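Undergrad: Dropping a structure here in C-alpha cells format, bear with me for questions.
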Amino acid sequence: MIVESAAAPVLPTKTIGRRITLHTYALLAILFLFATGGAFLTSRGSENVTATAQSGGALHTIELAIAFGLSVPMILSRWRDVANLALKMKFFSALAVLATISCFWSQDPSLSLRSGIYLTLNTLFAFYLVRRFSPDDLMRHLMLLGIVVAVVSLTMAVALPKYAFGPANSSLALQGVFGAKNILGHVAVLLLTPVFFVRNMAMTPKVGYCLLMFALIIPALSLQAWVAALFCFAFAGCSMLYRRLRKRDFLWIVYVIVIPLVVSLALLAGYWNDVLGYLGKDPTLSGRTMIWSAVLQSVAKKPLLGWGYDAVWRGFVGESASIILFAHFTIAQAQNGVLEVLLGLGSVGLAFVLATIVEGLRNASICTRSGSSHAGFWYLLILCITLFYSLGEAVFNIQNNLQWILYMVACSGLALEARPLRRSSTTVNSTNRNVSSSESFPKRIAAR
C-alpha cells in the first residue's frame, strides 16, 4: 500500500476496464509514443530509438509535440505532488539537471539542451504517474497499452508485412510498431510484467494477456527478450512462494535452486564459446566487444563529464566518427547501459545512475521482506529486467523511452512503499529499547 500516493482510480478493479475515460485515452497515447521513442512514423531498421527518431524530422517533432502536449498539462495538474517527489528522488532529478546543463561542454550544445529538457519532462511525468495512480491502476493502464501494441503490431504483420518485419540473420523477425525487433521484445517483456502482480483480475484474462504478449515476444526472435520473459515467470513464481511460505522454508528452497544455478554458471563459463555457437552468436557478442573497446577509448578522453548528453552519436561527425572507424561498422549506441552513460555524462552521471540502483535495491529489500507488498515485487522485477537489458543495450537515462520511465516509476514507487515500513521498524525498535531499559532499571536498583 502506497501511503503517500494520492491515487485516483480511473479503471474498475474487477476487469482491465469496462469504462475508459478521455484521460485514459490520452495516457495511452503518451505511453505508446514513449514506447516507440517518438519514432512510430519515422524510418525503421535501427535498434537505437534516439538515432531513428533524430532522422525522422518533422514526423518525429509532431509525435513528441503530441506526447508532451498531453503530458505537460497532466504534470501541471499535480505540480505540488510532482515537485515534492522530485525533491525526494534527488538522484533522478540530478540526472535530468546534469543532462540539461551538459550543453555547456557538449560537442553539440543545442542537441544536449533539447534532449535534456525532454529528459526532465520524462522524469516529471514518471513522478506524476507514481503520484496520480495506485500501483494496481498503473498496472492496468500498462496492460491496456500492451493490448494496443499487440493489436496494432499484429495487424501490421498481416496488412503491412513490409513494415512489420525486419531482417534477423537469415530470417525475418517481427518488429511491429517499433524500429527494430529487439525494441519490440524489450517493450513486450516490460508490458508482460504487470499481469503477474495485478490484483482482482480473473485468471482467464491474465492467461489471454500472457498469450498475447508471447505472440509478440516469440516472433521477435530476440534472445534477450526470450530470456527476460522466462525470468519474469520464474520471478513471479518465487515471489508467490516467498509470500506464502515461512521464511525458513523459503531459504531452504533458495539453497536448492542456487546450488544447481552456480554449477550451471560454472559450466557456462567453461564452455562459453560453445554455448554462443549453439545460440548462433559469435565470441564478440555480435561485435559488441569491439564496440565496447572503442567506446572505452572515447570515455578515457573525457572521463569526468563526458561528451554531452545525447550528443555523441552523429555518424561520421565528432567523436562518434572515431568509434565507428575503430569498430569498422556504423553504430548509434554503446550497446551497454553503463558505457552509454559514461560516454555522455562521464563518471559523474554514472555515479547518479549507480546511486538510483543502490537506493532502489535497498528499498526493494525493505518492501519484499515484509512480504505484503505485491507492488514492491513488481517494482523489483522492473529493476531486475532493466539491469539485465543494460548488459547489451543503452537503457539508462534515455529520453522519451518507456523503459527508463518505468525504471523511474519503480524506484520512486519503492521509495514510497519503503518509507512507512522503515518508520514502523524504527518505532518498534525504539519501543523495544524503551521497554528493555524500563525492565532493567529495577534490577539495577535491586543490585545496589
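Every number here is computed from the coordinates shown, using simple stated rules; none is lab data. Quick caveat, the model's predicted, so the values are computed rather than measured. All Cβ positions, even for glycine, are placed from backbone atoms using ideal geometry, and neighbour counts span all protein chains on display.
Undergrad: Based on the Cβ-Cβ distance of Leu296 and Phe388, what FRET efficiency does E = 1/(1 + (r/R0)^6) give at R0 = 30 Å, to the nearest 0.05? Could you put the intermediate results ahead of the total?
TA: Numbers: r = 22 Å, r/R0 = 0.72.
It comes to 0.90.
Undergrad: Where Lys and Arg each count +1 and Asp and Glu each count -1, what net charge lies around Ile30 among other residues with Cβ under 13 Å from its Cβ?
TA: Net charge in that neighbourhood comes out at 0.
Undergrad: What does the charge add up to near Gly308, with Lys and Arg as +1, Asp and Glu as -1, over the other residues with Cβ less than 14 Å from its Cβ?
TA: Around Gly308, the surrounding residues sum to 0.
Undergrad: Also: Give the long-range amide H neighbours of Gln335: residues separated by 5 or more places, or on another chain, with amide H under 5 Å away, using H modelled in the peptide plane at 1.01 Å from N.
TA: Ala394
Undergrad: How would you order 214-221, 162-169 from highest to lowest mean count of nearby Cβ atoms within 10 Å?
TA: With the highest mean Cβ count within 10 Å placed first, the list reads 214-221, 162-169.
Undergrad: Another question, if that's okay. Scan segment 304-351 for chymotrypsin sites (Phe, Trp or Tyr not before Pro) in coil per DSSP, keeping those whose Cβ has at most 16 other Cβ atoms within 10 Å, and list them by number.
TA: Phe316, Phe329
Undergrad: Could you list Trp292, Trp378 in order of exposure, starting from the residue whose Cβ has the fewest other Cβ atoms within 10 Å?
TA: Details: Trp292 17, Trp378 26.
With the fewest neighbours first, Trp292, Trp378 line up as Trp292, Trp378.
Undergrad: Name the residues whose placed amide hydrogens come within less than 5 Å of the amide hydrogen of Leu172, ignoring near sequence neighbours (fewer than 5 apart) on the same chain.
TA: Answer set, sorted by chain and number: none.
Undergrad: Which of the GluC sites (Glu not before Pro) across segment 303-364 are loop residues per DSSP, with 13 or fewer other Cβ within 10 Å?
TA: For GluC sites (Glu not before Pro) across segment 303-364 that sit outside H, G, I, E and B with at most 13 neighbouring Cβ atoms in 10 Å, the list is empty.
Undergrad: How far apart, in nm, are two points set 7 Å out from the Cα along the Cα-to-Cβ line at Leu241 and at Trp105?
TA: Spacing of the two 7 Å Cα→Cβ label points: 4.8 nm.
Undergrad: Highest mean first, how do 404-412, 295-303, 111-119 rank when packing is the count of other Cβ atoms within 10 Å averaged over residues? Display every interim value, and only then the final one.
TA: Values: 404-412: 25.4, 295-303: 16.0, 111-119: 21.8.
Descending packing order for the listed peptides: 404-412, 111-119, 295-303.
Undergrad: Net charge near Gln107, counting Lys/Arg +1 and Asp/Glu -1 over other residues with Cβ under 13 Å of its Cβ?
TA: Working: positive: Lys301, Lys302, Arg314; negative: Asp108, Asp310, Glu319.
With Lys, Arg at +1 and Asp, Glu at -1, the neighbours total 0.
Undergrad: Quick one: Met89, Met240, Met201, fewest Cβ neighbours within 10 Å first, how do they rank?
TA: So the ranking, lowest neighbour count to highest, is Met240, Met201, Met89.
Undergrad: Turning to a different aspect of this structure: Please turn the phi angles of segment 209-219 into ³J(HN,Hα) values with the Karplus equation 6.51 cos²θ - 1.76 cosθ + 1.60 (θ = phi - 60°), one per residue in order, whole Hz, x for glycine and proline.
TA: 5, 4, 5, 5, 5, 5, 5, 9, 5, 5, x
Undergrad: Tell me, His186, His141, His23, His328 in order of fewest to most beta-carbon neighbours within 10 Å? Mind dumping the intermediate values first?
TA: Numbers: His186 28, His141 22, His23 14, His328 9.
Ascending Cβ contact count within 10 Å gives the list His328, His23, His141, His186.
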